[in-house]
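The values are calculated or read from the model by the stated rules, or taken from the named source; none is laboratory data. Just so it is clear, the model here is predicted, and its values are computed rather than measured. Here Cβ is always computed from backbone atoms with ideal geometry, including for glycine, and neighbour counts include all displayed protein chains. When the accessible area is computed, the model is the full protein with side chains, heavy atoms only, and any ligands, DNA or RNA have been set aside. Shrake-Rupley method; radii C 1.70, N 1.55, O 1.52, S 1.80 Å.
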Amino acid sequence: MYLCAINSPMEYRFQEIEKKWQHFWKINQTYRVEETSTKPPYYVLDMFPYPSGAGLHVGHPLGYIASDIFARYKKHTGFNVLHPMGYDSFGLPAEQYAIQTGQHPAKTTQENIERYREQLDKLGFNYDWSREIRTSSPAYYKWTQWIFIQLFNSWYNPTTNKAASIDELIKEFEQQGLSAVSLSALHGGLETEITPFSATEWVAFTAQKQQEILMNFRLAYLGESYVNWCPALGTVLANDEVVNGLSERGGHPVERKLLKQWSMRITAYAQRLLDGLDHLDWFDSIKETQRNWIGRSEGASVHFPLLNHEGSIEVFTTRPDTLFGVSFLTLAPEHELVTQLTTDEQSEAVATYVSTSKNRSERERMADVNTISGVFTGSYATHPFTKEPIPIWIGDYVLVGYGTGAVMAVPSHDERDYKFATYFSLAIKQVIRPSAAHDFNLGAWTEKTGTIINSDFLDGLSVLEGVQRMISAISEHGHGSKRINYRLRDAVFGRQRYWGEPIPVYFKGDTPYLIPADQLPLDLPEVDKYLPTEDGDPPLGRATHWKFNEVYEYEKSTMPGWAGSSWYFLRYLDPTNDQCLASPEKISYWGNVDLYMGGAEHATGHLLYARFWCKFLHDIGVVPFDEPFKKMINQGMILGRSSFVYRVVGQQTFVSAGMKDGYETTAIHVDISLVNNDELDLEGFKAWRSEYKDATFLLEPSGVYLCGYEVEKMSKSKYNVQTPDELVDRFGADTLRMYEMFLGPVEQSKPWDTKGITGVHGFLKKYWRLFHLNGSFEVNETTPTKEHFKILHKTIRKIREDLDRFSFNTGVSNFMICVNELTEVKGNYREILEQLTILLSPYAPHITEEIWEKLGHEPGSLYEVTYPEFNPDYLIESEYEYPVSFNGKMRFKVTLPMALTIEEIQAAILSQPETVKWIEGKVPKKFIVVPGKIVNVVI
RNA sequence: GCGGAUGUGGUGAAAUUGGUAGACACGCUAGACUUAGGAUCUAGUGCCGAGAGGUGUGUGGGUUCGAGUCCCUUCAUCCGCACCA
């Protein structure tokens, strides 16, 4: 008597079904991919996850589900689809955890990966797990190190505009010395330190000197760059980790420090990285972000000779037309000439200012636009044309890493210079007559329109003419030259950390040498602790008996997180090859990634570095393409809903959210598993942490404790992580897959909310019931009616269109409409339901496999079956229901034959009694008929 | 300050090229069935209005027979950033 629903075949037993098919796919290797297929290849890639201790949360699968659906769709439409997965398994959190607990990061990483795998397996993805990669495995990072070696052994040849062997450059030095052309290949960094030399001079240099010179050309090089250094932690911090000059963790002082470390000369590729964007099928917003990041600007470099000193200050300006309006120069506090130029009277002020600036993070200096600060050096430069003395100031709004670290200030035509000049009462000299009304007492005229005045030979020219004329003038007189500047900086590559790829370098004295490629990988050594050494070396300094040939010190820093992720898409093509990073045959078979799915937060970091390495590997002949990802879809972030309790300051008393006014409280994140509909489980809370075991509560009048909430990023530290596991247990993977898609457009960010999941689950149950009559599985083998075909083909068209434009949310809706309609018309025809099952299989692979088998097909064959084709014949209509509008407002509908001419439609509309009512006895001024669409009567 | 987005019911959202605004769901209301239901089914549900009807896509304008969609203006919110000279 209780059996009615529970054991009936009508029941959709998703747990059983999903377990069955996941097992089937595994043992039959259903998703294994080979290169032997005659079908065209299609490569779908997900951004691989960092396996964190919190496990996979509901945000991860959003992109994976979308790419899985698309990959399955491509498979059904005749492609040999590669859809691999792996782990970005080097990284800071594992190391932090290791520092706290002493556990080896490899161990916790392994545990996390196992958890991730278990969670991924439950969602029914079509990954070919035989191709799994991990960036932290020696077999993988051997090739990351190999790429480093290639970069070290390469320079960027400006003539051929591609990377080439450093041997070629050495040969050139031996034959011709260093030409000015080669020098111009360097867009930033160290070019001021090199002077051209002859072949004879080159040959006479010591080996060490030669290596130093070559270091200025290598694409992986040891150079000096500024970092946020925290002496107390003995480590470098990201801008994010520095708050008001103190480290976020521990609150220790942080200073800007020049550190000699490994960098990547990505700047050499600036123009190609910019140009390459034009041909990529990416979201415009991401491309625009990259363009801004690369930041190409055209202008001139101008030398201002120093007064009473040797040498000159070089500035970069995009407005050479305003050169006659210069009233002072500003140097970055870190500029190398600061010490030399500071006069005795100013030395104290300058020293104070420089040290203050040093403690401000770059982020802070950027964000703070309202505070104007600076100091006069006491020295002057000479204007290259007027020969007037120009005071030299220091200001931390000038950044040492951009341009030359010095600017020529033209207060009348630059807002920042204007504020600086006003604040310090410096001269403001107008050199452009604005093209519109403008009050120079209120601010600068920064538009690039107007007529140049007070500028000698530029007078009367337009801004654009002035720019050109001045560039020629400074070149003619030797004051400088035209210059293209990029704000892109070289990428710092060394990290003072343990859990990363060792850099395959050893030192003889100060000179770095590569470890021979045939001795790779250079394994990450064991250490007793994961902290820096007492004398300030990175953790690898703790490794014992770790020397090259037992003599030479290895490089002790490791590679950054982005190293392994900059080329991983290639390794999936040939994941076990130990002769090369991937065989040329496999690389050319698959080509670059056809569809890349991942978060937009990687817009500038990962995506820029991966493009850079791809172009480099292209230059040296490893890959035939020079962009890694042809098309990209960026999924939005799924945000968590954090819950808070409010502790009265200094007490163990917690006030309910509705009562907290009147108390001074601290908001504390509380684990969302202890909260139900904002109501806190009081006993659970006390048991959660020993520190809360004696907590007392001030409750709402209703007797409950209500938590506050906030929508923010999901993170372990916010205790707001929703894992998919619980939902899979309650509703099944197919429901979760479709629900995540149903939430909204995949690219949109949204807070996680499970309210609607029952609707999707109900849909799958309804679909399941379509195949069951009178309590058993049964389909109608006769020919369906026209009406059924119409429902099916309408759906086929919509589902295909939705898939082609990555509109997965409307796809789910269209399946719901189809199942609702088929339920309504009844008939459960095999011919219709079989097609619907194929159509649905990318979204809900488990339930459809089960149905497919029950329909009598070979188990597992659904994955390869051809996707239904749309046949427009089923949708041809003889009639159309016209919406009739009056002055653009829809009033009523009339069903008319499709075959009518415009005149006939007009006549038919006019004869409607409703029409008479709406035209109110007037004569229509206009009668618009769009056949098959609308009718609009203008009265 | 710069750059990128987003504003549509109580909620998530739909509306592919300008052509019936709110599909599909959640929620809610009423009802049926049931010992019960996180089950199923039926009807309703943008707002105002008894109704006729009016009104409605952040604001204000414009183009158009017709605007959520195109143009201008303005407000709000979110995200990113390296004040880019």
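Could you check region A:403-429 and list, in sequence order, the residues that are over 12 Å from residue A:328 (Cβ atoms) and in contact with a His (Cβ under 8 Å, 6 or more places away or on another chain)?
Matches in region A:403-429: A:405 only.
Just to be sure, is residue A:795 of a type in the set (Val, Ile, Thr), in a helix (DSSP H, G or I) and either open to solvent by 20 Å² or more (accessible area, probe 1.4 Å) or within 9 Å of RNA strand B (Cβ to nearest atom) (or both)?
Against the criterion (of a type in the set (Val, Ile, Thr), in a helix (DSSP H, G or I) and either open to solvent by 20 Å² or more (accessible area, probe 1.4 Å) or within 9 Å of RNA strand B (Cβ to nearest atom) (or both)), residue A:795 does not qualify.
Out of (1) among the acidic types (Asp, Glu); (2) more than 9 Å from RNA strand B (Cβ to nearest atom); (3) outside any helix (DSSP H, G or I), the odd one out for residue A:712 is which?
Looking at each condition in turn, residue A:712 falls short on (2).
Quickly run through region A:68-89 and pick out the residues that are part of a loop (DSSP other than H, G, I, E, B) and open to solvent by 10 Å² or more (accessible area, probe 1.4 Å).
A:77, A:78, A:79, A:88
From the set of residues in region A:479-497 that are over 25 Å from the mean Cα position of the chain (by Cα) and either open to solvent by less than 20 Å² (accessible area, probe 1.4 Å) or farther than 27 Å from residue A:290 by Cβ (or both), which is nearest to RNA strand B (Cβ to nearest atom)?
Step one: list which residues in region A:479-497 are over 25 Å from the mean Cα position of the chain (by Cα), which gives A:479-484.
From what's left, either open to solvent by less than 20 Å² (accessible area, probe 1.4 Å) or farther than 27 Å from residue A:290 by Cβ (or both): A:479-481.
On the way: A:479: 16, A:480: 13, A:481: 16 Å.
Among those residues, the one meeting the criterion is A:480.
In region A:809-837, which residues are closer than 25 Å to residue A:19 by Cβ and within 34 Å of the chain's Cα centre (by Cα)?
A:812, A:815
Run residue A:372 past the list (1) within 16 Å of RNA strand B (Cβ to nearest atom); (2) open to solvent by 40 Å² or more (accessible area, probe 1.4 Å); (3) part of a loop (DSSP other than H, G, I, E, B); (4) under 30 Å from residue A:351 (Cβ atoms) and report the number of the one that doesn't hold.
Evaluating residue A:372 over (1) within 16 Å of RNA strand B (Cβ to nearest atom); (2) open to solvent by 40 Å² or more (accessible area, probe 1.4 Å); (3) part of a loop (DSSP other than H, G, I, E, B); (4) under 30 Å from residue A:351 (Cβ atoms) leaves (2) as the failure.
Hey, can you tell me all the residues within region A:862-906 that are within 13 Å of RNA strand B (Cβ to nearest atom) and either at positive phi or among the aromatic types (Phe, Trp, Tyr) (or both)?
A:870, A:880, A:882, A:886, A:887, A:888, A:892
Within region A:133-146, work out how many residues are open to solvent by less than 50 Å² (accessible area, probe 1.4 Å) and within 21 Å of residue A:29 (Cβ to Cβ). Explain how you work it out, then say what you get.
Within region A:133-146, the subset open to solvent by less than 50 Å² (accessible area, probe 1.4 Å) is A:133, A:135-137, A:140-145.
In the following step, the residues that additionally are within 21 Å of residue A:29 (Cβ to Cβ) were identified as A:133.
Number satisfying all stated conditions: 1.
Looking at region A:338-345, is at least one residue within 21 Å of residue A:455 (Cα to Cα), within 16 Å of RNA strand B (Cβ to nearest atom) and hydrophobic (A, V, I, L, M, F, W, C)?
no
In the set A:775, A:684, A:762, which member is within 38 Å of the chain's Cα centre (by Cα), of a type in the set (Gly, Ala, Ser) and over 22 Å from residue A:636 (Cβ atoms)?
Among A:775, A:684, A:762, only A:762 is within 38 Å of the chain's Cα centre (by Cα), of a type in the set (Gly, Ala, Ser) and over 22 Å from residue A:636 (Cβ atoms).
Hey, which of the helices (runs of 4 or more DSSP H) in region A:821-939, taking only ones fully inside, have at least 2 residues that are open to solvent by less than 40 Å² (accessible area, probe 1.4 Å) and touching a Phe, Trp or Tyr at 6+ places or on another chain (Cβ under 8 Å)?
Values: elements: A:830-840, A:845-854, A:902-910, A:913-919.
Because the criterion is at least 2 residues that are open to solvent by less than 40 Å² (accessible area, probe 1.4 Å) and touching a Phe, Trp or Tyr at 6+ places or on another chain (Cβ under 8 Å), the helices (runs of 4 or more DSSP H) in region A:821-939 that meet it are A:830-840, A:845-854, A:902-910.
Within region A:147-183, count every residue that is part of a helix (DSSP H, G or I), open to solvent by 80 Å² or more (accessible area, probe 1.4 Å) and at pLDDT 90 or above. Let's see the steps before the verdict.
First pass over region A:147-183, keeping only residues part of a helix (DSSP H, G or I): A:147-152, A:166-176, A:180-183.
Filter again for open to solvent by 80 Å² or more (accessible area, probe 1.4 Å), leaving A:167-168, A:171, A:174-176, A:181.
Add one more test, that the residue is at pLDDT 90 or above, and what stays is A:167-168, A:171, A:174-175.
Qualifying residue count for the region: 5.
Using the structure shown, decide if residue A:768 is crowded, with 17+ Cβ neighbours inside 10 Å, at pLDDT 90 or above, of a type in the set (A, V, I, L, M, F, W, C) and within 15 Å of RNA strand B (Cβ to nearest atom).
When the stated conditions are applied, residue A:768 passes them.
In region A:35-50, which residues are of a type in the set (Ser, Thr, Tyr) and in a strand (DSSP E or B)?
A:42, A:43
State all residues of region A:498-519 that are open to solvent by 10 Å² or more (accessible area, probe 1.4 Å) and β-branched (Val, Ile, Thr); if no residue qualifies, say none.
Answer for region A:498-519, where residues must be open to solvent by 10 Å² or more (accessible area, probe 1.4 Å) and β-branched (Val, Ile, Thr): just A:511.
Could you check region A:748-765 and list, in sequence order, the residues that are in contact with a helix residue (DSSP H, G or I) (Cβ under 8 Å, 6 or more places away or on another chain) and either more than 9 Å from RNA strand B (Cβ to nearest atom) or outside any helix (DSSP H, G or I) (or both)?
Selection gives A:754, A:756, A:764.
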